[in-house]
């Protein structure tokens with residue numbers, strides 16, 4: 001299915017190149033909207049040619065310092081100048097980007113580009129969502145096309161029916177436990193291409209779009225580039241309820257279409273599960289009786305409208321234990337209104353819940369972080385290297401809130417019946433369009449497009465190490481931090497910072513920090529580095545390199561290593577260390593190497609898309 005979407009938009013429908021040029025349908029700016037917008041202006045943006053381009057302003061809780069930073073063009077802020085160029089602006093309070101876009105803009109059989117891996121749930125509606133660099137987002141906004149790597153597919157065949165008190169979140173955790181991460185790594189190593197999780201099977205057609213979105217959200221957690229469901233009658237019904245039936249297109253896998261690997265899962269075998277603070281998926285009974293001091297229901301992934309209403313019904317007439325803090329973050333304004341109209345929000349409030357705003361920093365762990373050394377539970381996906389917490393279904397969380405301890409929700413004994421209204425609020429009052437922009441609205445500065453210095457010769461890389469999260473969920477300090485001084489970046493010094501990321505979570509965290517402009521690194525070395533992330537890093541001017549276990553051991557204790565000029569970069573890169581010489585595997589291919597040496601993809605394009 002992902003190949004069908006790309007083939008219909010590619011200059012070469014056979015997708016025969018390492019990189020292919022494709023037409024983009026939607027662009028979603030969430031992590032660093034102003035940075036991508038500045039790249040688009042530098043690429044010549046007048047009016048964007050894409051169908052839909054939305055910038056999400058998810059900073060709901062502000063202070064004087066943030067207001068000042070936003071007025072000065074902070075990369076993470078949203079400028080209303082975007083409206084004049086055909087972009088939509090989603091104002092604070094509308095909800096988290098993934099659930100809001102799923103309701104209001106997502107369309108099946110379309111290609112969307114974004115800067116935020118947390119938008120992976122949009123694959124539940126049958127839309128292919130890929131994470132790329134701000135430079136590529138700028139090109140897509142300005143020109144409507146971009147160069148991408150054709151993906152491979154891992155097919156996940158779903159069968160059977162879930163039992164009572166087993167939710168889509170439990171199924172997603174079971175898929176992680178079944179070893180999808182290893183399958184993705186194996187296929188990437190074999191084909192040097194990103195992997196898309198393709199959900200199929202008889203039971204895939206039984207899931208509604210919201211449940212499909214929960215399953216698609218696991219793609220970043222296992223190193224896949226995206227998750228993708230078919231588009232069928234369930235999808236059409238979802239869009240009809242959202243009053244967007246014209247957006248529906250059918251999407252299905254062709255009969256006998258090849259895939260690189262197939263994994264089967266019988267939903268009837270899934271029990272209530274949770275992900276612990278170290279990222280391991282375990283049965284709920286393994287931690288039964290453990291006290292929890294914070295529980296957060298909702299967020300941008302993991303809890304559907306049905307799950308929110310079921311949790312409210314299970315907690316009706318209950319009271320929050322004295323030592324537990326119960327937070328409720330409605331995923332979207334639509335969900336918030338439905339909960340209010342049905343009385344579920346009042347039931348949650350009567351339980352002792354605190355209703356919080358949909359601020360992006362809540363999902364990143366910067367707001368309402370778990371107390372150190374105490375257990376916390378949430379329904380949303382964890383942020384890489386963020387504060388540690390248990391991830392569980394809404395019904396497991398409801399049992400935890402009712403008792404104050406981790407426990408199996410089947411102890412409730414009677415499952416609740418939830419009726420979702422067919423008439424849903426679809427008012428876009430918090431979506432700004434150009435015609436609604438007020439002339440008196442304050443204008444914000446647009447930051448200049450960031451272009452890293454090009455690679456012109458040998459560089460000395462000063463290494464820091466980024467380990468996995470500790471059991472307490474805190475990030476361990478790297479061996480060296482901070483931006484290089486001006487003297488270090490002068491040509492005669494040739495010094496650049498680099499990171500050795502030991503685990504996938506550390507690699508994902510590095511990509512996020514570079515996207516947001518919080519990290520100055522130019523080299524990322526890792527034993528596991530997904531091809532999709534390598535593609536995005538190349539667009540950022542960051543050299544993505546993979547190292548085997550032997551090379552990793554040789555790097556231990558090294559504070560610096562010498563890299564040769566780009567003319568010596570082939571399949572591998574020779575390096576010089578204090579203890580000798582070695583090699584790194586270069587993951588950039590074709591034009592991606594030009595992006596690296598230029599520091600930006602803005603003015604570079606492949607001369608030929610064919611493989612050598």
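Criterion applied to 25, 18 was being under 19 Å from the mean Cα position of the chain (by Cα) and in contact (Cβ under 8 Å) with a residue 24 or more places away in the chain, and the one residue passing it is 25. The residue list 358, 372, 415, 382 contains one member that is at pLDDT below 90 and either assigned by TED's automatic domain parsing to the domain that holds residue 310 or within 29 Å of residue 504 (Cβ to Cβ) (or both), which is 372. Scanning the stretch 564-589 for residues that are in contact with a strand residue (DSSP E or B) (Cβ under 7 Å, 6 or more places away or on another chain), in a loop (DSSP other than H, G, I, E, B) and over 18 Å from residue 192 (Cα atoms) yields a single hit, 564.
Considering (1) loosely packed, with under 12 Cβ neighbours inside 10 Å; (2) at pLDDT 90 or above, the lone condition that residue 486 does not fulfil carries the number (2). Residue 160 falls short of the stated requirement of being within 30 Å of residue 45 (Cα to Cα), surrounded by fewer than 18 Cβ atoms within 10 Å (Cβ to Cβ) and in contact (Cβ under 8 Å) with a residue 24 or more places away in the chain.
When you check residue 76 against the structure, is it in contact (Cβ under 8 Å) with a residue 24 or more places away in the chain and assigned to a loop (DSSP other than H, G, I, E, B), yes or no? Against the criterion (in contact (Cβ under 8 Å) with a residue 24 or more places away in the chain and assigned to a loop (DSSP other than H, G, I, E, B)), residue 76 qualifies.
Scanning the stretch 533-563 for residues that are in a helix (DSSP H, G or I) and under 14 Å from residue 461 (Cα atoms) yields a single hit, 555. For residue 340, the conditions (1) touching a residue at least 12 places away in the same chain (Cβ under 8 Å); (2) closer than 30 Å to residue 55 by Cβ are fulfilled apart from (1). Only a single item in (1) modelled with pLDDT of 90 or more; (2) assigned to a strand (DSSP E or B) is not met by residue 510, and it is number (2). Against the test of being under 13 Å from residue 284 (Cβ atoms) and surrounded by 20 or more Cβ atoms within 10 Å (Cβ to Cβ), the options 392, 376 yield a single qualifying residue, 392. Mind listing whichever residues of the stretch 189-207 are buried (at least 18 other Cβ atoms within 10 Å of the Cβ) and either more than 19 Å from the chain's Cα centre (by Cα) or at positive phi (or both)? 200, 201, 203, 204, 207, listed by residue number. Can you confirm whether residue 525 is surrounded by fewer than 23 Cβ atoms within 10 Å (Cβ to Cβ), in contact (Cβ under 8 Å) with a residue 12 or more places away in the chain and part of a strand (DSSP E or B)? No. Report, by residue number, each residue of the stretch 489-507 that is at pLDDT 90 or above and either over 26 Å from residue 39 (Cβ atoms) or part of a helix (DSSP H, G or I) (or both). Selection gives 500, 502, 503, 504, 505, 506, 507. Checking the stretch 468-475 against the condition returns no match, with no residue being modelled with pLDDT of 80 or more and either closer than 20 Å to residue 132 by Cα or in contact with a strand residue (DSSP E or B) (Cβ under 9 Å, 6 or more places away or on another chain) (or both). For the stretch 7-51, a residue qualifies if it is farther than 30 Å from residue 519 by Cβ and either crowded, with 24+ Cβ neighbours inside 10 Å or in contact with a strand residue (DSSP E or B) (Cβ under 7 Å, 6 or more places away or on another chain) (or both), and the qualifying residues are 9, 10, 11, 12, 16, 17, 23, 25, 51. Applying the set (1) in contact with a strand residue (DSSP E or B) (Cβ under 6 Å, 6 or more places away or on another chain); (2) in contact (Cβ under 8 Å) with a residue 60 or more places away in the chain; (3) not in a helix (DSSP H, G or I) to residue 55 leaves exactly one unmet item: (2).
Is it the case that the stretch 405-414 has a residue that's surrounded by fewer than 17 Cβ atoms within 10 Å (Cβ to Cβ), touching a strand residue (DSSP E or B) at 6+ places or on another chain (Cβ under 6 Å) and farther than 21 Å from residue 163 by Cβ? Yes, some residue in the stretch 405-414 is surrounded by fewer than 17 Cβ atoms within 10 Å (Cβ to Cβ), touching a strand residue (DSSP E or B) at 6+ places or on another chain (Cβ under 6 Å) and farther than 21 Å from residue 163 by Cβ. When residue 191 is tested against (1) in contact with a helix residue (DSSP H, G or I) (Cβ under 8 Å, 6 or more places away or on another chain); (2) modelled with pLDDT under 95, just one condition goes unmet, and that condition is (1). If you scan the stretch 392-436, which residues turn out to be free of Cβ contacts under 8 Å to residues at least 24 places away in the same chain and at positive phi? Across the stretch 392-436, the qualifying residue is only 413. Of all residue pairs spaced 6 or more apart or on separate chains, those with beta-carbon atoms under 9 Å, a first member in the stretch 348-374 that is over 17 Å from residue 331 (Cβ atoms) and a second member that is assigned to a helix (DSSP H, G or I) are 351/312; 351/401; 351/402; 352/401; 366/360.
The values are calculated or read from the model by the stated rules, or taken from the named source; none is laboratory data. Predicted, not measured: the structure shown is a model, and the values here were computed from it. Glycine gets a Cβ as well: all are built from the backbone with ideal geometry, and neighbour counts include every protein chain shown.
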